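This report concerns only the one structure given below.
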Amino acid sequence: MKINGNEIRPGNVVEHKGGLWVAVKTNAVKPGKGGAFNQVELKNLIDGTKLNERFRASETVEKVRLEQKDFQFLYEEGEMLVFMDLTSYEQLELQKDFVGDRAAFLQDSMTVTLEMYEERPIGIRLPDQVTLKIIEADPVVKGQTVSSSYKPAVMENGVKIQVPPFIEAGESIIVDTNEITYIRRAES
């Protein structure tokens, strides 16, 4: 299935330069001059090499069709993450590097979708949004609330994020796990 270069998301597997690659990180860039592009960090599924590529919206790549299976996240053991197949109840261990930066968003009993290629896990999809508590947030400086100035905060999983000035420590927020960005305050 062909997709446009700007549609590549973390966890997508694409055929590029004769190999299978998984998108580890993506960054949509809209420069002041020239056309927008998607800066994609790719990791080769076979030998683990990494590659940074720019894909314009007009470029197409072949998205590889993979078998998708639901797994439940059980626990973390050192550098390994343990998941359970929801149909066969078999356990599967994956390197933390396999999930990448998004491993910090795994929560107990969270259902994730593993993409399998010839019975081998090669991609993982977390829920698009998770709710996390803010444990540390900078105070708002008087007069700084004009315009949409965001401030740094630290979530319970240790990840730093930019939040609006009205968010305080102890509040729960909803976060986009793909872009690692604040979406909105969670309903309490």
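From largest accessible area down, sort 88, 58; use a 1.4 Å probe on the protein chains. Provide the component values of the computation, followed by the final result.
On the way: 88 55, 58 105 Å².
From most accessible down to least: 58, 88.
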**Complete:** By accessible area (1.4 Å), largest first, 89, 182, 75 order as 89, 75, 182
**Proximal charge balance of residue 81 [Cβ under 9 Å; K/R count +1, D/E count -1]** = -3
**Message:** Going by amide H atoms built from the backbone, whose H comes under 5 Å of the H on residue 135, apart from near neighbours?
**Reply:** 154, 155, 156, 170
**Asked** Accessible area of residue 151, 1.4 Å probe, to the nearest 10 Å²?
**Response** 20 Å²
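Would you work out what percent of the accessible area of the chain, with all protein chains in place, is carbon or sulfur (probe 1.4 Å)?
Working: 5130 of 11040 Å².
Carbon-and-sulfur percentage of accessible area, whole number: 46.
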**Asked** Over 30 Å between Cα atoms, which of 33/133; 2/50; 43/151; 2/151; 2/133; 50/133 qualify?
**Response** 33/133; 43/151; 2/151; 2/133; 50/133
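What is the local net charge at residue 137, summed over the other residues whose Cβ is closer than 13 Å to its Cβ (Lys, Arg +1; Asp, Glu -1)?
Values: positive: 133, 151, 160, 185; negative: 136, 138, 156, 168, 171.
Surrounding charge for residue 137 is -1.
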**Complete:** Summing -39500 (n - 2.57) over every DSSP H run of at least 4 in the chain, dividing by its residue total and rounding to the nearest 500, the 222 nm mean residue ellipticity is -500 deg cm²/dmol
**Asked** residue 176: accessible area at probe 1.4 Å, nearest 10 Å²?
**Response** 40 Å²
**Item:** Positive dipole terminus of the chain, leading residue within 159, 132, 4 (C-beta point charges)
**Value:** 4
**Fill in**
Of the residues 51, 107, 81, the Cα lying farthest along the dipole of the range 8-155 towards its positive end, which is defined by charges on the beta carbon of Lys, Arg, Asp and Glu, belongs to 51
**Prompt:** Between residue 151 and residue 187, what is the spin-label point distance in nm, taking each point 7 Å from the Cα along the Cα→C-beta axis?
**Reply:** 2.7 nm
**Item:** Computed accessible area, residue 128, all protein chains, 1.4 angstrom probe, square angstrom
**Value:** 90 Å²
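Rounded to the nearest 20 debye, what is the charge dipole size of the chain about its Cα centre when +1 sits on each Lys and Arg Cβ and -1 on each Asp and Glu Cβ?
Details: 23 positive and 30 negative charges, 234 e Å.
In total the dipole reaches around 1120 debye.
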**Request:** Can you spot the aspartates and glutamates whose alpha carbon is less than 19 Å from residue 30's alpha carbon? Ignore those fewer than 8 places along the same chain.
**Result:** 7, 41, 53, 59, 179
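Quick one: grab the alpha carbon gyration tensor of the range 32-71, order the square roots of its eigenvalues as a ≥ b ≥ c, and give me rounded if a/c is under 1.5, else prolate or oblate depending on whether a/b is larger than b/c.
On the way: a/c = 2.73, a/b = 1.74, b/c = 1.57.
Prolate.
The values are calculated or read from the model by the stated rules, or taken from the named source; none is laboratory data. All values reported here derive from a predicted model rather than from experimental measurement. Please note: Cβ atoms are built from the backbone with ideal geometry, for glycine as well, and neighbour counts cover all protein chains shown. Side chains are part of the model used for accessible areas, which takes the heavy atoms of the whole protein and leaves out ligands, DNA and RNA. Shrake-Rupley method; radii C 1.70, N 1.55, O 1.52, S 1.80 Å.
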